[in-house]
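K.L.:
The structure under discussion is supplied below as C-alpha cells; questions concerning it will follow.
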Amino acid sequence: MWSKSIIIGSLILLSSGWSQTAAGRISGFVTDSTSGESLPGANVFLKETQNGMAADPNGFYVINEIAPGTYTLIVSYLGFSSWEKSVVVADGTDLNLDVALSPSTIDLNEVVVSGEKITRKFELQPSRITLSTRQIKSLPAIAEPDLFRTLQAMPGVLSPSEFSTGLVIRGGNTDQNLILLDGITVYNPSHLGGVFSNFILDAVKGAELIKGGYNAEYGGRLSAVLNVTSREGNRKKFNGSNSISILSAQTTLEGPSYKGAWLVAARRTYFDQILKNTSLNVPPYYFYDLQGHVFTDLTSKDRLSISFYSGLDNLIFNDFALKARWGNDTYSVNYRKLFSPELIGKFMVASSRFRTYFNLGGNSGVLSDNIIDDQTVSADFTHFTTSTVTVKFGGLRKQLGLTYNNGFGDTITFRIDEHPVEAGTYAKIKWLPVPWFIVEPGLRLNYYSAQDQRWYPDFRLGLKWLLSDDQYINFAAGNYHQFIETVQDDFNPSMLDNWMAIDHSVRPAESTQMVLGFEQYFRHHWKLQIETYYKNLYNMLTFEDTRATVDEEISTDRIANMFTPSDGYAYGLEFFLQKSAGKLTGWVAYTWSVSRKIMNGETYYTNWDREHVLNIIGSWVPNRKWELNGKWTFQTGQAYTPILGVYLQNLPGDPITGFRTIPAGRNSGRYPPYHRLDLGAVRHIKWRRVKFDLNLQVINAYNRKNIFQYYYLLGSVTNGLDDDNDWNPKKDDINGNGRADAGEPHVDEPDEGRVQRKTVSIFPLIPSIGISFDL
C-alpha cells in the first residue's frame, strides 16, 4: 500500500532541501511546572522579530531561521505566568530550551494577548473549536460538566434529540464524525439518557473540534473531527480528586512513575442500586467508565505511552424481558520520537472494540448483536522545514471486523460478517509565501479492500488571508470518503446504533465541503467569527421497509438488498461572539441551517434539521468564592413524520382490536420550538487543607415541556380511564382519590374510542447538587 504514496517521498526530499540554512534555531517543550504535563497551544515567540508559533499537541515548539543576534524569548499561556529569557543566537546555533510555566490566577494580560496574536498568524483554523477542561467546567450541567454538552452549545453543532449526547454537525449524522481519544477511534461515545458522554472530564486535557473542511491527516468520515487528548498525569507528586452528584460518583488518581506519570479515572452511576429495593417500577440501568494514561520518557527525545478506555451501559428490565448492553474498549501504545529539532514522529498500535447487544422477549423474542473490532497501526510525522514551511505526512492501516446478527426467536433475519482492510496515506504542506497569506494543500489516498475500486483520492485545501493582525478570512474545501457507517431510519430513530461495513454492491459514502469564514479579535478578549458552509452527501445507507408480510426473507449476501442508498445536502450560516476573559465570560452562538435528504427522487427534511438555533452562555465570577453560570437554548422544532390516519385490524385468534398508522410524507411535520434555561452556581470552600467545590444546578429552570416524541394509543369507552387527558382533578375528582375513575366526568367519553396522540417529554425542572474535592 505504501508504494502508492510517492508524494510523501517527494515531500521529504523537498523538505530536506528547504531545511538547509546557516541561521540559528531554538526548540524545546513547554510544560506545567507543578505537574510536568505538556501545554499544547502555548504561545512561543521572539519579542524583537514577532516570529513564533503555538506549541504542537506534544507541547513542542521550534523557531527556525533566526538571524544572529540577542533576542527575548517569551512563552505565555492563559492561566499561567508568562516566561521570558534573553538568548544569544549565532550562525548555526541549535539551542534546546525547555520551558516550565507556573499556574497563575492573574487575568488575561498583555503578554498573553500579544502571544496569541502572533501565533494566530501562523495557524489555519477554519471551523475549529478548541476547549480546555476549565472552559467546560464553567457551564451548568446535569450531574456534572460534560464535553459533548458543551460542544452542542457551539454554532453548527446539535444533538439528535434531548435524549442523546451524540453530535450532529453541519447536517451530518452522528456516525459521520471521526472521534479520537489519543489517536484511537471511539465508536458511539455516549450514554443512555443524554446526560453523559463517555469521556471523564478530569482525565481530559482538552478537545479540538473541526466542524468541516479538515485537511488530509484525517479521513474515513464525511463531516467532522473531534480529537480528545488525555491528561498525562502529575509527574511531580501524587494527587487525587473525587466528585459525587445525584446521579454518579467519580474519582481520579494520578502520580509520578518511572521517568513519567500515570493517571486513572473511574465513574459509575448508582441509581440502579438506590432504586432496586423500592416500589418504583424503574428499569435497573447503570453505566461505568474507566479511563487512564501512563507514560515514561525513555530519553529526552523518546516517550512511550499507553492509553486506555473501557465503558459499559447495562439495562435489564425483567418485566419486559429486556436486556441491552453496549460499550467501548480501547487500548493504544504510542511512541513519540524527536528525530531532530525539525522532525518529530508518532507511532501507534491500537485496538478499539464496540458492541451492542439487544434482546427483547427472551429466547423467543427479538435479538440484535453488533460488534465492531478495529485493529490500527499508524505513523505520523511533522517536519518544521523552515519558518514559513511545515510538512505533515503519514499513514494508517485498519483491520476491521464487523458482525451483525439480527433475529427473532430461532429465526435469523439477517447475518453480516465482514473483515475488510481500510487504510490511508497522506501528506500536506503549510506554506506562507508572503506574511499575509497561508496556503495548505493536502492529499489523502484511501484504500478499502471490499470494493472493486480499492483506491479513493481525497483532495484538501486550506487558505488564510491576514487582513490585519486581528482580522482574517479562512477558506477550506475538500472531498471525503467513508467506508463503515450506521444505517439511518427516517421513521424510527434507533436507541442503539449498529455499524455496517459496505461491500461491493454499494458505493462508499462521499461528501464534498466548502467553508468560508471571517474572524475578528478586538479589545484583547473578544472574538467574532462568522462562517458559511455548503456540503453535499452521497450514498448514505437508509432503511426502507417496502416488504409485505408475505414476502420472502431478505437476502443478506449484499448490502444493496437490505438498505437503500440516499443522498443529501446541507448549508448554513454561523455567528459566534465570545468574551474569553474578565469576571463575565461566555458567548452567543447563532446558526441558520438547512439539511435535506434525497431518496428515490424525493427530497425531504433530515431528522435533525433545525432552521434556527440560538445559544447564549454566560459565566460570572463576582469573587473568589462564587461562580455563577447560565445557558439558554432556542431551536426550531425537530422534523417528524405525522400520520394521515389509522386503520383498525383484528387478527385471527386475538380478541383485542389493534390499529396501524398511515404515515404522511417523510418528516413533513414539525414539533413545537424547543427552548430551555439551565442555571448553575459553584461555591469554592476550603476547610483546613482540603479544597471543596459545591455545585448547584437547576436544569430546565422554567419547566418547559419540550416534545421528544409523539406516539399514538387506541382508547376505549369502557376501560374506566381518561384516555384523552381532559379529566381535571380539581373539578372532576368526585371520589376524592386523586385519580380518574369510571362514572366521573370526562371518563369513558364517546370520543375516547378514537386513536389518541400522546406526547413524551424528557427533562422536567431538575434541581441538582454535587460536591467535588481534592485529596
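K.L.:
Determine if the stretch 299-308 includes at least one residue that is more than 30 Å from residue 400 (Cα to Cα), open to solvent by less than 60 Å² (accessible area, probe 1.4 Å), in contact with a strand residue (DSSP E or B) (Cβ under 6 Å, 6 or more places away or on another chain) and in a loop (DSSP other than H, G, I, E, B).
P.N.:
Looking for residues that are more than 30 Å from residue 400 (Cα to Cα), open to solvent by less than 60 Å² (accessible area, probe 1.4 Å), in contact with a strand residue (DSSP E or B) (Cβ under 6 Å, 6 or more places away or on another chain) and in a loop (DSSP other than H, G, I, E, B), one finds none in the stretch 299-308, hence no.
K.L.:
Follow-up. Considering only residues that are farther than 18 Å from residue 170 by Cα, outside any strand (DSSP E or B) and open to solvent by 10 Å² or more (accessible area, probe 1.4 Å), look in the stretch 192-220 and name the one that is modelled with the lowest pLDDT.
P.N.:
Of everything passing the filter in the stretch 192-220, 193 is modelled with the lowest pLDDT.
K.L.:
Can you report the number of residues in the stretch 43-65 which are of a type outside the set (A, V, I, L, M) and assigned to a loop (DSSP other than H, G, I, E, B)?
P.N.:
Within the stretch 43-65, residues that are of a type outside the set (A, V, I, L, M) and assigned to a loop (DSSP other than H, G, I, E, B) number 9.
K.L.:
Restricting attention to the stretch 389-410, which residues are within 21 Å of residue 339 (Cβ to Cβ) and among the hydroxyl-bearing types (Ser, Thr, Tyr)?
P.N.:
Once the filter is applied, which keeps residues that are within 21 Å of residue 339 (Cβ to Cβ) and among the hydroxyl-bearing types (Ser, Thr, Tyr), the stretch 389-410 yields only 390.
K.L.:
Can you tell me how many residues within the stretch 703-757 are closer than 30 Å to residue 245 by Cβ and touching a His at 6+ places or on another chain (Cβ under 9 Å)?
P.N.:
Going through the stretch 703-757 one residue at a time, the tally reaches 2.
K.L.:
Still on this model: Kindly list the number of the only condition in (1) modelled with pLDDT under 95; (2) out of contact with any helix residue (DSSP H, G or I) (no Cβ under 8 Å at 6 or more places or on another chain); (3) not aliphatic (A, V, I, L, M) that fails for residue 254.
P.N.:
The failed condition is (1).
K.L.:
What number goes with the only condition from (1) modelled with pLDDT of 85 or more; (2) of a type in the set (A, V, I, L, M, F, W, C); (3) out of contact with any helix residue (DSSP H, G or I) (no Cβ under 8 Å at 6 or more places or on another chain) that residue 550 does not pass?
P.N.:
(1)
K.L.:
Any chance the stretch 26-35 includes a residue that's of a type in the set (D, E, K, R), touching a Phe, Trp or Tyr at 6+ places or on another chain (Cβ under 7 Å) and modelled with pLDDT of 90 or more?
P.N.:
No, the conditions are met nowhere in the stretch 26-35.
K.L.:
In addition: Identify all residues within the stretch 87-129 that are of a type in the set (Asp, Glu), closer than 30 Å to residue 177 by Cα and at pLDDT 70 or above; write none if there are none.
P.N.:
123, the sole residue that qualifies.
K.L.:
When you scan the stretch 274-292, do you find a residue that is open to solvent by 40 Å² or more (accessible area, probe 1.4 Å), within 30 Å of residue 774 (Cβ to Cβ) and without any contact (Cβ under 8 Å) to a residue 12 or more places away in the chain, even just one?
P.N.:
Looking through the stretch 274-292, at least one residue is open to solvent by 40 Å² or more (accessible area, probe 1.4 Å), within 30 Å of residue 774 (Cβ to Cβ) and without any contact (Cβ under 8 Å) to a residue 12 or more places away in the chain.
K.L.:
May I pose another question? Of all residues in the stretch 592-619, which are part of a loop (DSSP other than H, G, I, E, B), in contact (Cβ under 8 Å) with a residue 12 or more places away in the chain and more than 23 Å from residue 151 (Cα to Cα)?
P.N.:
Correct list: 600 only.
K.L.:
Just to be sure before I move on: is residue 364 crowded, with 17+ Cβ neighbours inside 10 Å, of a type in the set (Gly, Ala, Ser) and in contact (Cβ under 8 Å) with a residue 24 or more places away in the chain in the structure I sent?
P.N.:
Considered against the rule, which asks whether it is crowded, with 17+ Cβ neighbours inside 10 Å, of a type in the set (Gly, Ala, Ser) and in contact (Cβ under 8 Å) with a residue 24 or more places away in the chain, residue 364 comes out as no.
K.L.:
Limited to the stretch 471-490, what total is found for residues that are surrounded by fewer than 18 Cβ atoms within 10 Å (Cβ to Cβ) and more than 16 Å from residue 221 (Cβ to Cβ)?
P.N.:
Total satisfying the criteria: 4.
K.L.:
I'd like to verify a number: residues in the stretch 389-408 that are more than 30 Å from residue 559 (Cβ to Cβ) and either of a type in the set (Phe, Trp, Tyr) or modelled with pLDDT under 90 (or both), how many?
P.N.:
Total satisfying the criteria: 1.
K.L.:
Between 514, 540, which is modelled with pLDDT under 95 and either over 29 Å from residue 591 (Cα atoms) or not in a helix (DSSP H, G or I) (or both)?
P.N.:
540
K.L.:
In addition: If residue 763 satisfies every condition in (1) outside any loop (DSSP other than H, G, I, E, B); (2) in contact (Cβ under 8 Å) with a residue 60 or more places away in the chain but one, which is the exception?
P.N.:
Among (1) outside any loop (DSSP other than H, G, I, E, B); (2) in contact (Cβ under 8 Å) with a residue 60 or more places away in the chain, residue 763 violates only (1).
K.L.:
If you scan the stretch 723-737, which residues turn out to be open to solvent by 30 Å² or more (accessible area, probe 1.4 Å) and in a loop (DSSP other than H, G, I, E, B)?
P.N.:
Hits for the stretch 723-737 are 724, 725, 726, 727, 728, 733, 734, 735, 736, 737.
K.L.:
Sticking with this structure for a sec: Among the residues of the stretch 69-86, are any of a type in the set (Ser, Thr, Tyr), modelled with pLDDT of 90 or more and touching an Asp or Glu at 6+ places or on another chain (Cβ under 8 Å)?
P.N.:
Yes, the stretch 69-86 contains a residue that is of a type in the set (Ser, Thr, Tyr), modelled with pLDDT of 90 or more and touching an Asp or Glu at 6+ places or on another chain (Cβ under 8 Å).
K.L.:
Another question about this same structure. Out of all the residues in the stretch 672-721, which are assigned to a strand (DSSP E or B) and within 25 Å of residue 610 (Cα to Cα)?
P.N.:
Within the stretch 672-721, 674, 675, 676, 677, 678, 679, 699, 709, 710, 711, 712 meet the criteria.
K.L.:
Out of 413, 376, 388, 382, which single residue is β-branched (Val, Ile, Thr), in contact (Cβ under 8 Å) with a residue 60 or more places away in the chain and more than 27 Å from residue 180 (Cβ to Cβ)?
P.N.:
413
K.L.:
Only one of (1) aliphatic (A, V, I, L, M); (2) at pLDDT below 85; (3) in contact with a strand residue (DSSP E or B) (Cβ under 8 Å, 6 or more places away or on another chain) is not met by residue 707, so which one is it?
P.N.:
With (1) aliphatic (A, V, I, L, M); (2) at pLDDT below 85; (3) in contact with a strand residue (DSSP E or B) (Cβ under 8 Å, 6 or more places away or on another chain) applied to residue 707, the lone miss is (2).
K.L.:
Here is a further query. Quick one: which residue in 452, 490 is assigned to a loop (DSSP other than H, G, I, E, B), closer than 26 Å to residue 371 by Cα and touching a residue at least 60 places away in the same chain (Cβ under 8 Å)?
P.N.:
Result: 490 is the single residue among 452, 490 that is assigned to a loop (DSSP other than H, G, I, E, B), closer than 26 Å to residue 371 by Cα and touching a residue at least 60 places away in the same chain (Cβ under 8 Å).
K.L.:
Residue 772 is checked against (1) at pLDDT 85 or above; (2) open to solvent by 40 Å² or more (accessible area, probe 1.4 Å); (3) hydroxyl-bearing (Ser, Thr, Tyr) and fails just one. What number does that condition carry?
P.N.:
Unmet for residue 772, out of (1) at pLDDT 85 or above; (2) open to solvent by 40 Å² or more (accessible area, probe 1.4 Å); (3) hydroxyl-bearing (Ser, Thr, Tyr): (2).
K.L.:
Just one of (1) more than 23 Å from residue 770 (Cα to Cα); (2) out of contact with any Lys or Arg (no Cβ under 9 Å at 6 or more places or on another chain); (3) open to solvent by 20 Å² or more (accessible area, probe 1.4 Å); (4) not in a strand (DSSP E or B) trips up residue 234, so point out which.
P.N.:
Failed condition: (3).
K.L.:
Scan 292, 394, 345, 327 and give me the residue that is touching a Gly at 6+ places or on another chain (Cβ under 6 Å) and assigned to a strand (DSSP E or B).
P.N.:
That would be 327, the only listed residue that is touching a Gly at 6+ places or on another chain (Cβ under 6 Å) and assigned to a strand (DSSP E or B).
K.L.:
Of the conditions (1) farther than 17 Å from residue 490 by Cα; (2) of a type outside the set (A, V, I, L, M); (3) touching a Pro at 6+ places or on another chain (Cβ under 9 Å); (4) open to solvent by less than 50 Å² (accessible area, probe 1.4 Å), residue 607 fails just one. Which one is it?
P.N.:
(1)
K.L.:
Only strands (runs of 3 or more DSSP E) wholly contained in the stretch 66-105 count here; list those with 2 or more residues that are among the charged types (D, E, K, R) and open to solvent by 30 Å² or more (accessible area, probe 1.4 Å).
P.N.:
Those strands (runs of 3 or more DSSP E) span 83-89.
K.L.:
Can you tell me which of 356, 388 is in contact with a Leu (Cβ under 8 Å, 6 or more places away or on another chain), of a type in the set (Val, Ile, Thr) and crowded, with 19+ Cβ neighbours inside 10 Å?
P.N.:
356
The values are calculated or read from the model by the stated rules, or taken from the named source; none is laboratory data. This structure is a prediction, so every number in the text was calculated from the model and none was measured. Every residue, glycine among them, receives a Cβ derived from its backbone with ideal geometry; neighbour counts consider all protein chains shown. When the accessible area is computed, the model is the full protein with side chains, heavy atoms only, and any ligands, DNA or RNA have been set aside. Shrake-Rupley method; radii C 1.70, N 1.55, O 1.52, S 1.80 Å.
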